[in-house]
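*Asks:* One structure, as structure tokens, below. Some questions next.
The values are calculated or read from the model by the stated rules, or taken from the named source; none is laboratory data. Since the structure is predicted, the reported quantities are computational estimates derived from the model, not experimental observations. Methodologically, a virtual Cβ is constructed for each residue, glycine included, from the backbone with ideal geometry; neighbour enumeration extends over all protein chains shown. Side chains are part of the model used for accessible areas, which takes the heavy atoms of the whole protein and leaves out ligands, DNA and RNA. Shrake-Rupley method; radii C 1.70, N 1.55, O 1.52, S 1.80 Å.
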Amino acid sequence: LHPNEEYALGKLAGLLQIAPSTLHQEVERLVRAGLVADRQVGRNRLLRANTGNRLSGPLTDLLTMSFGPQVVVAEEFSDVAGADQVLIYGSWAERYTGAEGAEPGDVDVMVVGKSDRDQVYAAADRAQERLGIPVNPTLRIAASWEAGSDALVAAIKSGAHVTGAGAGLGSAA
């Protein structure tokens with residue numbers, strides 16, 4: 001999900017919470033298939049997605065749809081009491097809906113409803129831990145969302161966002 005980043009084999013094993021020996025076997029297969037590029041720097045083996053492979057784009061899309069921010073945010077915010085809607089907006093939503101640009105460095109999330117700030121921030125922290133990039137939550141009450149007079153709400157409504165009913169995420173707008 002971060003095709004331009006390199007990871008040391010040991011660090012990647014820790015992030016994925018699997019044994020380095022298990023990861024090593026899978027990395028060998030992925031390198032042979034041309035999906036992962038590797039290089040040695042001293043004793044470290046660095047790995048990254050092989051973005052030159054014609055399957056890289058479709059595979060990134062599949063992984064994003066299966067394990068990306070919209071899935072993680074939906075899961076982590078699903079238990080936030082009082083959340084009528086949870087939306088992803090900003091650069092990540094723009095890329096997800098097809099806009100060209102640099103890889104997003106964060107995920108902007110708006111929670112609409114009457115939710116406890118501590119619960120929202122705890123959900124954002126869990127999502128950030130899983131995604132490896134900052135998750136920035138914003139809260140708005142339903143009346144503010146519906147009125148649309150708030151500048152941020154108006155910008156989100158008129159721009160790209162990924163939204164869904166309740167705390168789940170679904171369609172792109």
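*Asks:* Considering the chain as a Gaussian network with a 10 Å cut-off on Cα pairs, which listed residue, V71, V31, V86, attains the greatest mean-square fluctuation?
*Replies:* V31
*Asks:* Continuing with this model, one more query. Pairs of alpha-carbon atoms within less than 8 angstrom and 6+ residues apart define the contacts here; what relative contact order does region 1-150 have, in percent?
*Replies:* 18
*Asks:* Given charges of +1 on the Cβ of Lys and Arg and -1 on the Cβ of Asp and Glu, with all other atoms neutral, how large is the dipole of region 1-128 about its Cα centre, in debye to the nearest 20?
*Replies:* Approximately 700 debye in magnitude.
*Asks:* Shifting gears a bit: What is the dipole size for region 81-155, taken about its Cα centre, with +1 at each Lys and Arg Cβ and -1 at each Asp and Glu Cβ, in debye to the nearest 20?
*Replies:* Using Cβ point charges on Lys, Arg, Asp and Glu, region 81-155 gives about 160 debye.
*Asks:* Determine, at each q value in 0.11, 0.20, 0.21 (inverse angstroms), the log₁₀ of I(q)/I(0) that the Debye formula gives when each Cα of region 4-107 is one equal point scatterer.
*Replies:* Per q value, in the given order, log10 I(q)/I(0) is -0.46, -1.15, -1.20.
*Asks:* Using Cα atoms only, what is the angle between the long axis of helix 117-131 and the major principal axis of the chain, expressed in degrees (0 to 90) to the nearest 10?
*Replies:* The two axes meet at around 20 degrees.
*Asks:* Carbon and sulfur: what percent of region 5-110's accessible surface (1.4 Å probe)?
*Replies:* Of all accessible area on region 5-110, carbon and sulfur atoms account for 53 percent.
*Asks:* What number results when the radius of gyration of region 76-156, computed over Cα atoms, is divided by 2.2 N^0.38 Å?
*Replies:* 1.10
*Asks:* Sort the following peptides by mean Cβ neighbour count (other Cβ atoms within 10 Å, averaged over residues), highest first: 107-116, 137-146, 3-12.
*Replies:* Listed from highest to lowest mean packing, they are 107-116, 137-146, 3-12.
*Asks:* Output the direction-averaged projected area (hull surface divided by four) of the convex hull of the alpha-carbon atoms of region 34-169, in nm².
*Replies:* 9.7
*Asks:* Which value in deg cm²/dmol, rounded to the nearest 500, describes the helix-derived mean residue ellipticity at 222 nm for the chain, given -39,500 (n - 2.57) per DSSP H run of n ≥ 4 and division by the residue count?
*Replies:* -13000 deg cm²/dmol
*Asks:* To the nearest 10 degrees, how steeply does helix 20-32 sit against the main Cα axis of the chain, on a 0 to 90 scale?
*Replies:* So the inclination is approximately 80 degrees.
*Asks:* In debye, nearest 20: dipole of region 1-54 around its Cα centre with unit charges on the Cβ of K, R (+) and D, E (-)?
*Replies:* 120
*Asks:* Extending each Cα 7 Å along its Cβ direction at A154 and R126, get the distance between those two points in nm, one decimal.
*Replies:* So the label points at A154 and R126 sit 3.6 nm apart.
*Asks:* For region 109-151, state what percent of all Cα-Cα pairs lands in each successive 10 Å bin, counting from 0 Å until the bin that includes the largest distance.
*Replies:* 28, 44, 24, 3
*Asks:* In addition: Which of A160, G34, M65 sits closest to the plus end of the dipole of region 24-173, meaning its Cα is farthest towards the positive end, when Lys and Arg get +1 and Asp and Glu get -1 on the C-beta?
*Replies:* Of the candidates, G34 comes out farthest on the positive side.
*Asks:* While we're looking at this one, here's another question. Quick one: helix 56-67 against the long Cα principal axis of the chain, what's the angle to the nearest 10°, folded into 0 to 90?
*Replies:* The angle comes out near 50 degrees.
*Asks:* Restricting things to Cα coordinates, could you compute the convex hull volume per residue of region 44-83 in Å³?
*Replies:* 86
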